[in-house]
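Worksheet for the structure shown next.
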Amino acid sequence: MTQPLPMLPVAPTRPASTLPCALDYDEQALVATFAMLGHPAYRGRQVFRDLHQRHVASWEGCTNLPRELRAQLAERYRILPGELVGQAISQDGTRKRLVRLADGQDIETVAIPAISPAGAHRLSVCVSTQAGCAMACTFCATGRMGLARGLTPGEIVDQVYGFERDAPSERPTHVVFMGMGEPLHNYAATVAAVRLLSHANGVNLSQRRITVSTSGLVPQIEQLAGEGLEITLAISLHAPDDTLRASLMPINRRYPLAELIAAAAAYAHKTGRRVSYEYVLLRDVNDALHHADRLATILPPKLSHVNLIPYNATDASYRPTPPNAARAFRDRLLGAGVSTTIRASRGRDIAAACGQLKAENRRQGTRSPG
Ligand code: SAH
Ligand code: SF4
């Protein structure tokens, strides 16, 4: 693997504030808050647009508000959930931001440029939903950290807005909930963030361009199916049988494969949306052709797609599958009639994978613990 580029340090601009964060409120809540302060409803809608469409970084930026109201807001609410403390850009254009939240938690976000099959420019932002993760998957750097806490809706959506503020001409076109943390273990904030990102008066991202990835929390998958969202659900499978999956993903002991696949199939049936199955290829662990054969037998034949993910080596215990073996695995699935792609591996030189950034900072000792 390529040696990661050093992160560019960014000088903290001001002390972290503990005021409530205005980005955590949906439009209705803002309107209600403004009513309480004695202002008409349109003010709340104006502020929602300033926050979620114009991405103002301070109340001073809300130039359509009377000066006194801006001052009043500044006393009660903050806008930015944290401060940018590091950023990096990869040779392939992948960008990464490291933000320190008000309570000192660091979260990473990556933006990955790509060209769609139809030739259109894409910018996918991979957001984190938790600081750390409780799921303890053995191959995952975030899993080794344990869970610090779930992020708030504002802390999630501002990861997208941060890239828009940095480079307004490069607007994110897709959002994938595949950064640090388990989105469905922070269910309410994840669903609230999806609604904020797809709000007509915000960035107005089509829900079809949003993917939520889960390690397989069955009750929450069932709940998500009833939310009336048009997002893509991605299930992190990584193994075709319970013994192997439980050895990689402890959550499998709680929700074994049969239950998980049934919940995913029900999700696809109810929403009409094809479910994606993620499969990280780990050399000599889950990448034999017999694993592909078994995988083809357990997946629902319709409305499923397999994404094979090259392993980003974060731990000496696992190695990535060589590209020719990955292609053989893909071809085996295709031969069995399973729609399959190998995900392009991007941003390796800035270690832009799930949870790696924070792990690296810790190793280099640039951050004090806690
Ligand atoms: N917690 C959710 C979403 C975040 S992880 C989930 O597990 O689905 C997003 C994806 O990255 C998951 O499929 C996860 O298995 C994968 N992943 C984790 N560590 C990785 C690594 N080192 N290399 C490649 N993919 C990894
Ligand atoms: Fe958590 Fe996903 Fe990493 Fe597993 S792979 S530890 S669920 S972030």
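The values are calculated or read from the model by the stated rules, or taken from the named source; none is laboratory data. Quantities reported herein were computed from a predicted structural model and do not represent experimental measurements. FYI the Cβ positions are ideal-geometry reconstructions off the backbone, even for glycines, and counts take in every protein chain you see.
Brief remarks follow.
- Tally, over segment 216-246, of residues that are under 13 Å from F177 (Cβ atoms) and part of a helix (DSSP H, G or I): 2
- Those residues of segment 213-237 which are within 17 Å of L308 (Cα to Cα) and in contact with an Asp or Glu (Cβ under 6 Å, 6 or more places away or on another chain), in sequence order: S215, A234, S236
- Scan of segment 172-214 for residues that are under 18 Å from Q130 (Cα atoms), in a loop (DSSP other than H, G, I, E, B) and touching a Leu at 6+ places or on another chain (Cβ under 8 Å), ordered by number: G181, E182
- Residues within segment 40-91 that are over 19 Å from D158 (Cα atoms), crowded, with 16+ Cβ neighbours inside 10 Å and of a type in the set (S, T, Y), tallied: 1
- Residue, surrounded by the most Cβ atoms within 10 Å (Cβ to Cβ), within segment 178-198, restricted to residues that are more than 10 Å from ligand 1 (Cβ to nearest atom), under 13 Å from the mean Cα position of the chain (by Cα) and small (G, A, S): A193
- For T109, the criteria (1) more than 16 Å from ligand 1 (Cβ to nearest atom); (2) assigned by TED's automatic domain parsing to the domain that holds P172 hold in every case but one, which is (1).
- Members of segment 310-325 that are buried (at least 20 other Cβ atoms within 10 Å of the Cβ) and either free of Cβ contacts under 8 Å to residues at least 40 places away in the same chain or more than 16 Å from ligand 2 (Cβ to nearest atom) (or both): T321
- Residues that are outside the structural domain of V191 (by TED's automatic domain parsing), charged (D, E, K, R), over 30 Å from T341 (Cα atoms) and over 20 Å from the mean Cα position of the chain (by Cα) do occur in segment 27-42, at least one of them.
- Total residues in segment 255-271, condition outside any helix (DSSP H, G or I) and in contact (Cβ under 8 Å) with a residue 24 or more places away in the chain: 1
- In this structure, A234 does not qualify as in contact (Cβ under 8 Å) with a residue 12 or more places away in the chain, closer than 14 Å to L184 by Cα, of a type in the set (G, A, S) and surrounded by fewer than 21 Cβ atoms within 10 Å (Cβ to Cβ).
- Residue that is under 24 Å from V280 (Cβ atoms), assigned by TED's automatic domain parsing to the domain that holds C126, buried (at least 24 other Cβ atoms within 10 Å of the Cβ) and away from ligand 2 (no atom under 16 Å from the Cβ), where the choices are V175, V157: V175
- C137 meets all of the listed conditions (1) within 16 Å of ligand 2 (Cβ to nearest atom); (2) under 15 Å from the mean Cα position of the chain (by Cα); (3) farther than 20 Å from P20 by Cβ but one, namely (2).
- Test for D50: is it of a type in the set (D, E), at negative phi and not in a helix (DSSP H, G or I): no
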